[in-house]
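One structure below.
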Amino acid sequence: MNTVDALEASALPCAGAVHADDCAPATVESEPLPAAVARVPVEEKGPARWAYERLILYIRNFEKQLNPDQEVAMGFTGGEAGVLRIEGLGYFDPDIVTFYGEDDSGLRTQLIQHVSQLNVILRALPRASDAEPARRIGFQLSRQFDKGADSATEGAGPP
């Protein structure tokens, strides 16, 4: 390994996943980072940005596994926040991640969370309206990665 390879390897995050079933779907941990995410070394990102980028990857991967009648929602552990149908995601470095959406009652909801308190569960809910196709927020959020845009400036704010 040459010096350039060593520097590049040190900037890449370590990740992994093991499943009981050999036929389990691909996981975020087993896929390479999108070029736009990998372009900025982890040590140059604030904790909120790095959490934000990885949350987008997890949401997008989860949505790939949903059927057309389901949408992604988040459940938040350790509090009374309940379940949030995700409509947007943002961050404010160095340490805040924000979730935008609706709660179980259809009320507009915004959760502002410190990265040290970040504990979420992704859930599959029936889509909000039978008249419209299921929304895929993870794919909308990750367009910045696919375009190669700087995720710190494009698409990082409220929906």
Any residue on another chain or 5+ positions along whose placed amide H is under 5 Å from the amide H of Gly82 is listed here as Phe76
Here, Glu29 and Lys64, labelled 7 Å along Cα→Cβ, have an inter-label distance in nm of 1.6 nm
Note: Ser116 to Glu44 extended length (0.36 nm per residue) minus current alpha-carbon separation gives 24.1 nm
Karplus ³J(HN,Hα) for region 54-68 (6.51 cos²θ - 1.76 cosθ + 1.60, θ = phi - 60°; Hz, whole; x = Gly/Pro) runs 6, 4, 4, 5, 5, 5, 4, 5, 4, 5, 4, 9, 7, 8, x
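Read-outs: derived from the displayed coordinates by stated rules, not from any lab. The shown structure was predicted, so the numbers you read here are calculated from the model rather than taken from an experiment. Backbone-built Cβ (ideal geometry, glycine too); neighbour counts: all protein chains shown.
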